[in-house]
Amino acid sequence: MVDGMKTVLVTGAGAGIGYFVAEQLAAAGATVVLGCRDTAKADLAARAIRARVPAARLRWVRLDLADLSSLPATVADLGADSLDAVVLNAGVLLSGPDRRMSPQGHELTFATNHLGHFALVAHLAPILTATPNSRVITVGSFAARSARLDLADLQSEDDYQPKRTYERSKLAQMLFAFELDRRLRALGATSASIVAHPGGALDSLTPSRPPLFVHTTAQRLRGLPAGVALHGKHAAAETIVRTVLDTDIAGGELWGPRVFGLRGRPHRETPPAHLTDPDSAAGLWAASSALTGLDPLRHPSTPVPLLA
Ligand SMILES: NC(=O)c1ccc[n+]([C@@H]2O[C@H](COP(=O)([O-])OP(=O)(O)OC[C@H]3O[C@@H](n4cnc5c(N)ncnc54)[C@H](OP(=O)(O)O)[C@@H]3O)[C@@H](O)[C@H]2O)c1
């Protein structure tokens, strides 16, 4: 069990892995804030958690990572002057051939997965750094291992391929997370930035959580063969929850599932060099600041000029 006063914000807590992260944290005694863009889903998620954890301490805030202008209101709604951890879990993998844009005119996958979380951390930074030993947990992906970032084309204007854009967005999130930890250390902050990846997690290997979602027996039977290599979202969440709660895990660490990085119990991994490259990370940080007008570790009274 955790200290009952521990409060954790989980982005994308109304579905998939984020739901199970919220459920498992609530079961461990944390106060969980469900960050959801759909308020009906937040309500269903809270009911599903309470069905299993009657004493769960839950709140929710409306969170749309794709719309940068909405984030200050989300953080104001938190109404908190301290936050023990934020789990940057929400993510999109778009499938259509057309490049889609966020309200601010950024490519939607990069905008949601990376820029939205970059900006959220910037808005949360005063609260996080005021909370001793707080944690930023970034949910990365195995897919980032083979991805390479193109700093000259962060928004996939050239030859848009949805899967590659997704993989690069996850790489961007992980590069940012490792750089965030280096900068927190340089500032002497007690806050830590840690990366966890869930391996390969399928809905068909995931138990139902009514009234939020129900996976039929037929769906689960079809998924069984994949269980040799992959796991369900409930199991995938365990690695992420471990990085929130285990006080022996330090900033800058990477955790994933033990079996080939795809399934199984949480396990510490050595990050590949391109995920921790300080030059790429500095370039990404500067570009992300220019696109969002924010710098996560700069005082808000000195805003960054927006990229024209
Ligand atoms: N599943 C895997 O095998 C796997 C592997 C590697 C990494 N990951 C990472 O793990 C995380 C969770 O994946 P998952 O499989 O659980 O995905 P999922 O079931 O599709 O859930 C994604 C979550 O993100 C939320 N979301 C999407 N766009 C958002 C926005 N603009 N603002 C706020 N929330 C938004 C969704 O909300 P709605 O319900 O409103 O759409 C949903 O709660 C993602 O970051 C993903 O990249 C997953």
>> Suppose R0 equals 35 Å. What FRET efficiency, 1/(1 + (r/R0)^6) with r the Cβ-Cβ distance, do Ala282 and Val259 give to the nearest 0.05?
In response: 0.55
> Using 20 Å as the cut-off for backbone N distance, which residues of the stretch 3-43 belong to the label zone defined by a point 7 Å from the Cα of Ala76 along Cα→Cβ?
Replying inline: 34-39
> In nanometres, what is the gap between the two model label sites at Ala229 and Asp158, each 7 Å from Cα along Cα-to-Cβ?
Replying inline: 3.2
> Tell me, what % of the accessible area of the stretch 7-292 is carbon and sulfur with a 1.4 angstrom probe?
Replying inline: 53
> Per residue Cα convex hull volume for the stretch 33-146, in cubic angstrom?
Replying inline: 142
> How much length is gained on full extension from Asp248 to Arg50, taking 0.36 nm per residue of separation minus their Cα-Cα distance?
Replying inline: 68.3 nm
>> Counting heavy atoms of the protein chains only and a 1.4 Å probe, report the per residue accessible area for the stretch 1-117 as a whole number of Å².
In response: 40
>> Cut-off under 28 Å on the C-alpha distance; same-chain residues fewer than 8 positions from Lys163 excluded. Which lysines are left, in chain and number order?
In response: Lys41, Lys233
> All other residues with a Cβ under 13 Å from the Cβ of Ala130 taken together, and with Lys, Arg as +1 and Asp, Glu as -1, what is their net charge?
Replying inline: -2
> Can you pull the Kirkwood radius for the chain, inverse mean 1/r over Cα pairs, to one decimal in Å?
Replying inline: 19.3
> Quick one: if you stick a label point 7 Å off each Cα along the C-beta vector at Asp150 and Asp67, how many nm between them?
Replying inline: 3.1
>> Given the DSSP H assignment, sum -39500 (n - 2.57) over each helix run of at least 4 residues in the chain and divide by its residue total; what's the result at 222 nm in deg cm²/dmol, nearest 500?
In response: -11500 deg cm²/dmol
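The values are calculated or read from the model by the stated rules, or taken from the named source; none is laboratory data. The model shown is predicted, which means the values in this text are computed figures rather than measured ones. Ideal geometry is used to build each Cβ from the backbone, glycine not excepted, and the neighbour counts take in all protein chains shown. Side chains are part of the model used for accessible areas, which takes the heavy atoms of the whole protein and leaves out ligands, DNA and RNA. Shrake-Rupley method; radii C 1.70, N 1.55, O 1.52, S 1.80 Å.
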